[in-house]
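As structure tokens, the structure follows; a few thoughts come after it.
The values are calculated or read from the model by the stated rules, or taken from the named source; none is laboratory data. Given the structure is predicted, the values throughout are model-derived calculations rather than measurements. So basically every Cβ, Gly included, is an ideal-geometry build from the backbone, and we count neighbours across all protein chains shown. Heads up: the accessible areas ignore ligands, DNA and RNA and are worked out on the full protein's heavy atoms, side chains in. Shrake-Rupley method; radii C 1.70, N 1.55, O 1.52, S 1.80 Å.
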Amino acid sequence: LFLPCWQYDMSDHWLDLIAPVLNIAGADPGRADWLDPKRIIYDHELLLMGAGGRFLYELVDESGRTVIHECNGPAFLIIPPGVWHTCKGVVSVGIRRGWLHFDWTTGERRHDAPILTYWPGPPLEYLFRYPPSFVPRRILRGAIPNETLAFEILARAAERFNQGTPRMQATARALLLELLLYLLSDGPGASSPTPGSEEHLVKIRSALDDLSQMPFSSAASVRDALTGLGMSYDHQARMFRRAYGVTPLQYLGSKRIERAKKLLRDTTDPVAAIASRMGFADAVYFHRFFRKLAGMTPGEYRRSD
């Protein structure tokens, strides 16, 4: 049975009940002749495919029937546990692809549970972590409204989960929840970006990313940097907040704080030296800036690692 990848129409009230737990996170560019071996997983896997890609997912349902899902990017697919499946990339060279393994709710996970079982290995059926009763019993799949936003959330979740401290790994759960709600919600607040706006959003983020790397004291103002992109600052600020949920200034602060956390985590430099390295002439101001955005002082953050 051959099914296209389509946007489903369903009530999203069940999403109020989920409390997802992240287990694995990763991403890589597509390659030629993409073919995943036949396998079965024990949790759920959220797969994201970028624009221009075409992937065929073969899944064996409970009756033993093979169902083929054709997904044309940008699209997503959630594969449940206990289902033999494989993936073939029809158009996959250079196409972004990301994955997150997760459970819908908090629960006890046995430490001896395997990640997955490849064919023809026998699966350990008693370890399958099936979805709770309120999650729809169907393959959840559909189009990604804004590929840039979806992959950005995935990248942040993967970085925190794979490289962060235990506390940072815990915050990756919030990003997973954000991504699931973004992809699966069908409420009145969900809307597609204005045609052509995604390209400009990339320009805004690029300008803000450049600012975040400059010393704090010499960085141009956010307003000046964005006005130079050809639109009014107020219009771009509204566009940015509508797409990402934060103002350009809040995004810049988030980038700076993540950079400061990395220096605190990966070096033994004194806090004052890190403040100077980031361009803060006053270490006391850096201390206040960090505490306001991170909820703790730089010293407390370093000791929490």
Among the residues of the stretch 92-105, what is the count of those that are touching a helix residue (DSSP H, G or I) at 6+ places or on another chain (Cβ under 9 Å) and not in a strand (DSSP E or B)?
2
Go through the stretch 46-81 residue by residue and tally those that are buried (at least 16 other Cβ atoms within 10 Å of the Cβ) and in contact with a helix residue (DSSP H, G or I) (Cβ under 8 Å, 6 or more places away or on another chain).
6
What pairs come up if the first residue lies in the stretch 147-159 and is within 19 Å of Lys261 (Cα to Cα) and in a helix (DSSP H, G or I), the second is modelled with pLDDT of 90 or more and open to solvent by 20 Å² or more (accessible area, probe 1.4 Å), and their beta carbons are under 6 Å apart, counting only those six or more places apart or on different chains?
Ile153/Glu178
Out of the residues in the stretch 170-189 that are part of a loop (DSSP other than H, G, I, E, B) and open to solvent by 60 Å² or more (accessible area, probe 1.4 Å), state the one that is modelled with the highest pLDDT.
Asp186
Exception for Arg238 within (1) under 30 Å from Leu179 (Cβ atoms); (2) outside any helix (DSSP H, G or I) falls at (2)
Take the stretch 117-142 and flag every residue that is open to solvent by 50 Å² or more (accessible area, probe 1.4 Å) and either over 24 Å from Ile40 (Cβ atoms) or in a loop (DSSP other than H, G, I, E, B) (or both).
Trp119, Pro120, Pro122, Leu124, Tyr130, Ser133, Phe134, Arg137, Arg138
Kindly state which strands (runs of 3 or more DSSP E) lie completely within the stretch 28-91 and contain at least 3 residues that are touching a residue at least 40 places away in the same chain (Cβ under 8 Å).
35-41, 44-49, 66-72, 75-79, 85-91
Looking at (1) within 18 Å of Gly295 (Cβ to Cβ); (2) open to solvent by 60 Å² or more (accessible area, probe 1.4 Å), which one does Thr227 not meet, given that it meets all the others?
(1)
What's the number of the condition His69 fails, among (1) on the phi < 0 side of the Ramachandran plot; (2) at pLDDT 90 or above?
(2)
When every residue in the stretch 243-262 that is under 24 Å from Pro166 (Cα atoms), touching a residue at least 40 places away in the same chain (Cβ under 8 Å) and not charged (D, E, K, R) is compared, the one least open to solvent (accessible area, probe 1.4 Å) is Gly253
Residue list for the stretch 263-305, restricted to those being surrounded by 12 or more Cβ atoms within 10 Å (Cβ to Cβ) and β-branched (Val, Ile, Thr)
Thr267, Val271, Ile274, Thr297
Looking only at the stretch 82-116, how many residues end up being touching a strand residue (DSSP E or B) at 6+ places or on another chain (Cβ under 6 Å), open to solvent by less than 20 Å² (accessible area, probe 1.4 Å) and farther than 17 Å from Ala19 by Cβ?
5
List every residue pair whose Cβ atoms lie under 6 Å apart, where the two residues are 6 or more positions apart in sequence or sit on different chains, the first residue falls within the stretch 265-291 and is touching a residue at least 60 places away in the same chain (Cβ under 8 Å), and the second residue, located anywhere, is open to solvent by 80 Å² or more (accessible area, probe 1.4 Å).
Arg265/Asp305; Gly279/Ser217; Ala281/Ser217
Those residues that are surrounded by 21 or more Cβ atoms within 10 Å (Cβ to Cβ), touching a Gly at 6+ places or on another chain (Cβ under 9 Å) and under 23 Å from Glu152 (Cβ atoms), I need them from the stretch 25-45; list them, please.
Ala25
Among the residues of the stretch 54-95, which ones are of a type in the set (A, V, I, L, M) and under 19 Å from the mean Cα position of the chain (by Cα)?
Ala75, Leu77, Ile78, Ile79, Ile95
